[in-house]
């Protein structure tokens, strides 16, 4: 191997080494950016989990109140039905003349 060939090979090796180091530096920068992004994502997911948890709690509270209201409404409807049935019995008695037959 001539001195010129050896110089070219050494120059090639040094260029490859420089390129490798540049690529390594970019990889380290990308890795650091990725670490920051993951940390930010972790915070965002934590915040979102808190919002979802609070939303579920509010929904549960609303459903509990709605269930109670539905029970109260059903009870009120039952009482209204009973009063309506009593009124219908009175009206039917008047219409059919049962009350009139007992009068002179």
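Observations on the structure shown:
- Reported label for calculated Cα extents along the principal axes in Å given (1) 36, 30, 27; (2) 147, 22, 11; (3) 58, 26, 17: (2)
- Full extension of the segment from residue 51 to residue 26, taken as 0.36 nm per residue of separation minus the current Cα-Cα distance, would add 5.3 nm.
- On Cα atoms only, tilt of 3-96 relative to the major axis of the chain in degrees: 0
- Spacing of the modelled spin labels on residue 34 and residue 67, each 7 Å from Cα toward Cβ, amounts to 4.7 nm.
Throughout, read-outs are computed from the coordinates displayed, never taken from laboratory work. The model shown is predicted, which means the values in this text are computed figures rather than measured ones. Reconstructed Cβ throughout: ideal geometry from the backbone, glycine too, with neighbour counts over all protein chains shown.
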